[in-house]
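**Q** What follows is a single structure, and I will ask about it in a moment.
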Amino acid sequence: MKTHETQHQHNHLPDDPAPAHSARPHSAAEHHPAASKGLSTIAIHEGYEGDPLTGSLTPPIYQTSTFVFPSVEAGTKRFAGEEAGYIYSRLGNPTVSVLEQKVAALEKAEAGLAFASGMAAISAVIIGLVKTGDHILCSRGLYGSTYAFLTLMQNRFGVEFTLCDMTDEQTVRNSIRPNTKVIYVETPINPTLELVDLRMVSEIAKEHQILTVVDNTFLSPYLQRPIEHGCDIVIHSATKYIGGHGDVIAGIAVGPQAMIDMLRMTTLKDIGGVLSPFDAYLLIRGLKTIGVRMHQHSKNALQIAEYLQQHPKVSAVYYPGLPDYPQHELAKRQTDGFGGLLSFELKGGLEAGKRVMNQVQLCKLAVSLGDVDTLIQHPASMTHSVVPAEERLKMGISDGLIRLSVGLENVEDIVLDLEQALQHA
Ligand code: LCS
């Protein structure tokens with residue numbers, strides 16, 4: 001275990017929101033030992049160098065709430081930030097640290113912070129960065145609960161947010177207000193698959209001293225690394241491709257050491273949405289295969305997108321990997337692959353869609369995404385039902401839109417299942 005790397009996580013007074021070492025230079029990620037390794041190697045090895053006591057190949061699950069101090073003096077020093085060592089699992093835990101180091105290294109970030117869910121990560125990051133009177137500029141399309149959380153922040157705490165068509169640079173520039181503190185982006189956007197040019201947005205943000213926060217859930221760090229495009233903080237619902245197997249709810253945020261330290265000692269510590277060591281272990285295990293999984297998700301999804309595109313009952317397919325997708329060139333430039341998510345519409349609209357979703361057998365009618373199992377769902381009545389209908393249409397979520405998270409089954413079997421279900425469209 002890299003105890004020296006975990007030391008910074010808890011060497012501050014619990015009530016000190018700005019750790020003293022927070023001035024560490026942002027360029028440290030470039031000198032990260034993992035920087036020169038391949039992403040699969042990082043996913044498998046980063047953050048854990050073996051256990052010298054037992055030789056355990058995989059990181060132990062440190063299922064403990066607290067850590068015993070060798071003396072009063074040592075405990076006092078840990079609280080004061082003068083000595084390395086864990087204190088209490090809400091502030092840091094060795095198994096959770098392994099996960100945080102892996103995802104940070106994959107994203108080319110300096111540091112990572114794990115949470116009990118994607119929404120715990122999103123809410124903690126946003127609360128940590130803004131105050132009453134600030135404005136958040138968002139991509140025109142947000143996961144339903146993110147939209148609901150921002151609405152709550154606006155109505156209850158006076159933090160404004162607006163959605164913006166980020167496919168157009170001038171619209172982004174015009175949408176910035178004097179009180180804009182954060183640009184918050186999903187790309188590809190859930191569930192429309194619209195892309196945002198991260199380089200363009202982060203450059204505008206820098207001109208205005210605004211932080212860019214990106215929800216990178218849809219592609220995973222294996223296929224897209226927003227920090228390489230100038231963004232500041234990256235968030236994942238680790239429930240999805242990071243875990244990959246549909247058996248855990250988790251979130252993670254990565255970014256500059258100083259910001260991650262601040263978030264750890266404020267909105268993680270004091271709101272308390274921490275990840276359990278066992279769930280961290282499941283994510284560490286899932287991450288080891290992220291490379292092969294993302295390759296196969298992308299390969300299967302492209303085949304399904306091509307199949308749907310030629311189907312007589314399908315009116316539109318949204319998948320950035322299709323050569324005629326309007327933002328295909330941006331997808332090729334910004335990502336290392338197109339991922340496993342696609343959306344489509346049927347000529348028969350919502351009613352036809354309901355019949356298809358009720359007929360699938362191999363594909364499972366369920367929300368969530370990024371699992372080895374293929375999942376199908378209806379955004380307007382499920383994941384995005386909390387977004388008001390008018391706003392949903394502005395996001396491009398028609399009532400007939402169906403989202404498919406293409407899994408890792410044999411692609412011929414997924415096609416066969418869709419084929420029989422589409423007969424009912
Ligand atoms: N960000 C995105 C892009 C998501 O798709 C989700 C969950 C979250 C954040 C929240 O993560 P959680 O707290 O669930 O770990 N998306 C879901 C979806 O599309 N279907 O079910 C959940």
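**Q** Evaluate the following for P59: is it part of a loop (DSSP other than H, G, I, E, B) and at pLDDT below 95? Don't jump to the end; show me each part of the working.
**A** On the way: part of a loop (DSSP other than H, G, I, E, B): yes; at pLDDT below 95: no.
In short, no.
Yes/no matrix, rows are residues, columns are (1) crowded, with 23+ Cβ neighbours inside 10 Å; (2) free of Cβ contacts under 8 Å to residues at least 12 places away in the same chain; (3) within 22 Å of V196 (Cβ to Cβ); (4) not aromatic (F, W, Y):
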| site | (1), (2), (3), (4) |
| --- | --- |
| T374 | yes, no, no, yes |
| H384 | yes, no, yes, yes |
| V387 | yes, no, yes, yes |
| E391 | no, no, yes, yes |
| G396 | no, no, yes, yes |
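**Q** Next up: Select from region 178-197 the residues that are under 14 Å from the mean Cα position of the chain (by Cα) and of a type in the set (A, V, I, L, M) and write down the one among them that is nearest to the ligand (Cβ to nearest atom).
**A** Within region 178-197, the match that is nearest to the ligand (Cβ to nearest atom) is I189.
**Q** Quick one: how many residues across region 220-260 are among the charged types (D, E, K, R), touching a strand residue (DSSP E or B) at 6+ places or on another chain (Cβ under 7 Å) and outside any loop (DSSP other than H, G, I, E, B)? If you could, list the steps in order and put the result at the bottom.
**A** Of the residues in region 220-260, the ones among the charged types (D, E, K, R) are 225, 228, 232, 240, 247.
Add one more test, that the residue is touching a strand residue (DSSP E or B) at 6+ places or on another chain (Cβ under 7 Å), and what stays is 232.
When the remaining residues are screened for being outside any loop (DSSP other than H, G, I, E, B), the result is none.
Counting residues in region 220-260 that are among the charged types (D, E, K, R), touching a strand residue (DSSP E or B) at 6+ places or on another chain (Cβ under 7 Å) and outside any loop (DSSP other than H, G, I, E, B) gives 0.
**Q** Got a sec? Which of L404, L418, L408 is crowded, with 16+ Cβ neighbours inside 10 Å and part of a strand (DSSP E or B)? Reasoning before the result, please.
**A** Working: L418 fails: part of a strand (DSSP E or B); L408 fails: part of a strand (DSSP E or B).
Exactly one of L404, L418, L408 is crowded, with 16+ Cβ neighbours inside 10 Å and part of a strand (DSSP E or B), namely L404.
**Q** Let me ask another. Taking into account only those residues within region 250-272 that are of a type outside the set (A, V, I, L, M) and more than 16 Å from the ligand (Cβ to nearest atom), which is surrounded by the fewest Cβ atoms within 10 Å (Cβ to Cβ)?
**A** Filtering region 250-272 down to residues of a type outside the set (A, V, I, L, M) leaves 251, 255-257, 261, 264, 266-267, 269-270, 272.
Then drop every residue that is not more than 16 Å from the ligand (Cβ to nearest atom), which leaves 255-257, 261, 264, 266, 269-270.
On the way: G255: 28, P256: 22, Q257: 21, D261: 25, R264: 27, T266: 17, K269: 20, D270: 13.
Among those that are of a type outside the set (A, V, I, L, M) and more than 16 Å from the ligand (Cβ to nearest atom), it is D270.
**Q** Only residues that are of a type in the set (S, T, N, Q) and either surrounded by fewer than 16 Cβ atoms within 10 Å (Cβ to Cβ) or more than 15 Å from the ligand (Cβ to nearest atom) (or both): list them for region 343-372, please.
**A** First, the residues of region 343-372 that are of a type in the set (S, T, N, Q): 343, 358-359, 361, 368.
Scanning region 343-372 gives N358, Q359, Q361.
**Q** Continuing with this model, one more query. Does region 328-335 contain at least one residue that is away from the ligand (no atom under 14 Å from the Cβ), surrounded by 21 or more Cβ atoms within 10 Å (Cβ to Cβ) and not small (G, A, S)? Give the steps one after another, and end with the answer.
**A** To start, the set of residues in region 328-335 that are away from the ligand (no atom under 14 Å from the Cβ) comprises 328-335.
This time we only want the ones that are surrounded by 21 or more Cβ atoms within 10 Å (Cβ to Cβ), so: 331, 334-335.
Checking which are not small (G, A, S) leaves us with 334-335.
Yes, some residue in region 328-335 is away from the ligand (no atom under 14 Å from the Cβ), surrounded by 21 or more Cβ atoms within 10 Å (Cβ to Cβ) and not small (G, A, S).
**Q** Go through (1) more than 16 Å from the ligand (Cβ to nearest atom); (2) at pLDDT 95 or above for G340 and report which single condition fails.
**A** All conditions pass for G340, except number (1).
**Q** If you don't mind, another one. Got a number for residues in region 410-425 being touching a residue at least 60 places away in the same chain (Cβ under 8 Å) and either within 19 Å of G321 (Cα to Cα) or acidic (D, E) (or both)?
**A** The total comes to 3.
**Q** Still on this structure, I have one more. Mind checking which residues of region 108-157 are within 15 Å of the ligand (Cβ to nearest atom), within 27 Å of E169 (Cα to Cα) and part of a loop (DSSP other than H, G, I, E, B)?
**A** Correct list: R140, G141, L142, Y143.
**Q** Okay, moving on. Anything in region 198-224 that is within 12 Å of the ligand (Cβ to nearest atom) and either free of Cβ contacts under 8 Å to residues at least 40 places away in the same chain or farther than 26 Å from G370 by Cα (or both)? List them, or say none. First the steps, then the outcome.
**A** Going residue by residue through region 198-224, those that are within 12 Å of the ligand (Cβ to nearest atom) are 213-220.
Within region 198-224, just V214 meets the criteria.
**Q** Tell me yes or no: at least one residue of region 119-128 is over 18 Å from K206 (Cα atoms) and either among the polar types (S, T, N, Q) or surrounded by fewer than 19 Cβ atoms within 10 Å (Cβ to Cβ) (or both).
**A** yes
**Q** Which residue pairs have Cβ atoms under 6 Å apart, sit 6 or more places apart or on different chains, and have a first residue in region 95-123 that is over 10 Å from L275 (Cα atoms) and a second that is acidic (D, E) and modelled with pLDDT of 95 or more?
**A** Q101/E46; K102/E46; A105/E46; K108/E228; G112/E100
**Q** Within region 227-249, can you find the residues that are more than 11 Å from the ligand (Cβ to nearest atom) and either of a type in the set (K, R) or within 11 Å of the chain's Cα centre (by Cα) (or both)?
**A** Passing the criteria: I233, V234.
**Q** Could you please let me know if V248 is within 17 Å of G407 (Cα to Cα) and among the aliphatic types (A, V, I, L, M)?
**A** Numbers: within 17 Å of G407 (Cα to Cα): yes; among the aliphatic types (A, V, I, L, M): yes.
When the stated conditions are applied, V248 passes them.
The values are calculated or read from the model by the stated rules, or taken from the named source; none is laboratory data. A quick note: this is a predicted structure, and the numbers were derived from the prediction, not measured. Cβ atoms come from the backbone with ideal geometry, glycine included; neighbour counts cover every protein chain shown.
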